[in-house]
1. Failed condition for L178, given (1) touching a residue at least 24 places away in the same chain (Cβ under 8 Å); (2) assigned to a helix (DSSP H, G or I); (3) over 17 Å from T39 (Cβ atoms); (4) within 16 Å of the ligand (Cβ to nearest atom), with all others met?
2. Filtering the range 8-30 down to residues that are more than 18 Å from the chain's Cα centre (by Cα) and crowded, with 17+ Cβ neighbours inside 10 Å, which residue is farthest from I100 (Cα to Cα)?
3. Given the criteria within 26 Å of A219 (Cα to Cα) and not hydrophobic (A, V, I, L, M, F, W, C), does T39 qualify?
4. Working only within the range 204-247, note down all residues that are within 16 Å of the ligand (Cβ to nearest atom), surrounded by fewer than 19 Cβ atoms within 10 Å (Cβ to Cβ) and free of Cβ contacts under 8 Å to residues at least 60 places away in the same chain.
5. Condition test on V66, is it assigned to a strand (DSSP E or B) and surrounded by fewer than 21 Cβ atoms within 10 Å (Cβ to Cβ)?
6. Considering only the range 130-152, state which residues are in contact (Cβ under 8 Å) with a residue 24 or more places away in the chain, of a type outside the set (A, V, I, L, M) and under 19 Å from Q110 (Cβ atoms).
7. Please determine, by comparing only the residues of the range 1-55 that are hydroxyl-bearing (S, T, Y), in a helix (DSSP H, G or I) and farther than 18 Å from P119 by Cβ, which one is nearest to the ligand (Cβ to nearest atom).
8. From the set of residues in the range 104-134 that are surrounded by fewer than 15 Cβ atoms within 10 Å (Cβ to Cβ) and more than 23 Å from S5 (Cα to Cα), which is nearest to the ligand (Cβ to nearest atom)?
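The values are calculated or read from the model by the stated rules, or taken from the named source; none is laboratory data. All of these numbers come straight from a predicted model, not from anything done at the bench. Every residue, glycine among them, receives a Cβ derived from its backbone with ideal geometry; neighbour counts consider all protein chains shown.
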Amino acid sequence: MSSTSFTPARLLIFGATGAIGKFITEEILAARPAFRHVTIFTSANTATSKKELLARWKAVGMPVSVFVGDVNSEEDVKRAYQTEAPDTVISALGRGALTIQTKLVELAAQAESVKWLFPSEYGTDIEHNAKSPNEKPHQHKLALRKYIRENIHPEQLHITYLVTGPYFDMWVHAASPLLGGFDPSTKTASLIGDGNGKVGFCTMPDVGKFLVAALRHPAESFDKALKVQSFVVTPNQVLDEYEKQTGGDKWSITYVPLADLKAAEAKAWQETPGSATGFTLRRIWAEGGTLYDKNDNELIGVGPGETEDLSYAVAKALKQH
Ligand SMILES: NC(=O)c1ccc[n+]([C@@H]2O[C@H](COP(=O)([O-])OP(=O)(O)OC[C@H]3O[C@@H](n4cnc5c(N)ncnc54)[C@H](OP(=O)(O)O)[C@@H]3O)[C@@H](O)[C@H]2O)c1
């Protein structure tokens, strides 16, 4: 397939109603010109528990169908790849389902209609530096990239990894003070290191916008890890913005030495591995793991001023608090 002759029109989304899938799906459904058809593959449980959301999406005007199936079932996935003949598959499956994607990719490469697939990434650059191959949270995504490199030819199936860095909307609300975070109700914040280390963020709506931008630029996006960012700022700049938008008073700040975060990370992997991923990712972000010489925003047609900015993102976080 020549990359210049392909325009995605018929989309199939896995994990559409999940934390980031929701933003991706909303942007896809709002995209104009509209895509010809969107299929949402979802579990029976979600089809029931999120039926209002699914009904709203079916009513937006773009042809939307809901395919209820089990993502672990080869038969269900094969049927989804045949029904409505999708040309592009977008996975936004959660961390618990990442290993399933090897099968999704294998079956997509065999499916006649499917030409392009976005694995579930939407996060940290898992091939950033020499330490990246050893980071525990990266392992399933790295294994999928290896499988794709070794088994999938672009003539069968194009792949795009959308690498977004941390979601600003989540990053400001950390689960533990050791992770860094902002609490407007007490005007307190905890910052990793001296708060001057830059971090490249995406807001969650922008993840959806970048995904649609990639869909509009197949030739530029095929077979790449696209690194996209809403803005790059330091935690101290985020703090300044919070202080400005909450009346100008100085907040009370705790600085968490990177060594303390690392110690908490090691302890979490030993004692509560279920919560450890958050510590590792925060450490990677604080160590500069989201910084690049150049991002790919403009490659897919997203210019300066077309993403949410820090001031808007903080205003939104304050409203949602
Ligand atoms: N950059 C960041 O700050 C950040 C933060 C969070 C996540 N992420 C990344 O974003 C991607 C999506 O994560 P998420 O948190 O948005 O996902 P999520 O909400 O946990 O899950 C998304 C969907 O995946 C399906 N699913 C989840 N677990 C499953 C399982 N064990 N078996 C089968 N299906 C399962 C469910 O869909 P159905 O029931 O509809 O089938 C679910 O709604 C991941 O790659 C994750 O690493 C990035």
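1. The number of the failed condition is (4).
2. Going through the qualifying residues, I end up with P8.
3. Criteria met by T39.
4. The one that is within 16 Å of the ligand (Cβ to nearest atom), surrounded by fewer than 19 Cβ atoms within 10 Å (Cβ to Cβ) and free of Cβ contacts under 8 Å to residues at least 60 places away in the same chain: V232.
5. Yes.
6. Y147, N151
7. T46
8. The selected residue is E127.
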